[in-house]
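*Asks:* Have a look at the structure that comes next, please.
The values are calculated or read from the model by the stated rules, or taken from the named source; none is laboratory data. This is a predicted model, so every value here is computed, not measured. Glycine also receives a Cβ, built like all others from the backbone with ideal geometry; neighbour counts cover every protein chain displayed. In case anyone asks, the SASA skips ligands and DNA or RNA and just uses the protein heavy atoms, side chains included. Shrake-Rupley method; radii C 1.70, N 1.55, O 1.52, S 1.80 Å.
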Amino acid sequence: MNSAQKLGIGMTSQRTRERLAARLGDAGIANVHVLNVIRQLPRHRFVDEALASRAYEDTALPIGYGQTISQPFVVARMTELLLAGGFPKRVLEIGTGSGYQAAVLAALAERVHTIERIRELHDRSRRLFRELGFENIRQRFGDGFQGWASAGPFDAIVLTAAPSEVPAVLLDQLADGGRLLAPIGDAESQALRLYIREGKEIQTQVVESVFFVPMLEGVE
Ligand code: SAH
């Protein structure tokens, strides 16, 4: 990567980011804090250099190992839904992947904990967070089905890979009033579901239909 690319000049300039944020606003993202983060965060650094010129299109892109960086609209929408409960202090993300969703959240929350089951993706995002100067992201290489009990309870939990049903372990790690967002389903059909803890009760609702890679057990 040359210095112009590092500074975000050219295909990856501030102007292309502004355009993406404007497009997301038109598409219905209303939270200005979320749009501001999208405007500032260099998404091109979270994808392979060969795909950098496409980083500000509103599409998911491959990040290797059969995984994808989520579509910006989906990242913005999920972040906005988590923020509807106020700025979260502690956040847990399952599926670090490229690290982009974790970085968006880290700009808006006190601390983000993120778990990834593919070693290379875990390592790559760790290097990137360091290069970009994120100091409030804690990472674990492991199986997200276990959650991260010692760091909880969390005000917000987000799954960026789809299980067939919501893991009870993760609902247990949700703070009172906390929000958990998860795509639930299989390769044919998935619904983004929001779960809100009210004491011992969990309220749930379907937000919209989505498509995420499957949440898999164990590590690679
Ligand atoms: N949030 C990511 C999305 C990456 S795709 C981003 O912004 O780029 C989903 C990721 O979830 C993949 O990297 C996949 O390896 C990971 N994943 C799937 N099942 C998992 C599990 N049980 N625990 C942790 N990570 C998991």
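*Asks:* Restricting the first residue to the range 142-154 and requiring it to be touching a residue at least 24 places away in the same chain (Cβ under 8 Å), which pairs with a second residue that is more than 11 Å from the ligand (Cβ to nearest atom) and polar (S, T, N, Q) meet a Cβ separation below 8 Å and a spacing of at least six or different chains?
*Replies:* Gly147/Gln173; Trp148/Gln173; Ala149/Gln173; Gly152/Gln173; Pro153/Gln173; Phe154/Gln173
*Asks:* Kindly indicate whether any position in the range 28-40 is farther than 23 Å from Val207 by Cβ and more than 13 Å from the ligand (Cβ to nearest atom).
*Replies:* yes
*Asks:* Out of the range 58-87, which residues are over 18 Å from Leu192 (Cα atoms) and among the polar types (S, T, N, Q)?
*Replies:* Residue satisfying the conditions is Gln67 alone.
*Asks:* Shifting gears a bit: Counting just the residues of the range 132-181 that are of a type in the set (Gly, Ala, Ser) and either at positive phi or part of a loop (DSSP other than H, G, I, E, B) (or both), which one comes out surrounded by the fewest Cβ atoms within 10 Å (Cβ to Cβ)?
*Replies:* The extreme case among them is Gly133.
*Asks:* Considering only residues that are open to solvent by 20 Å² or more (accessible area, probe 1.4 Å) and farther than 20 Å from Gly64 by Cβ, look in the range 109-128 and name the one that is nearest to the ligand (Cβ to nearest atom).
*Replies:* Result: Arg111.
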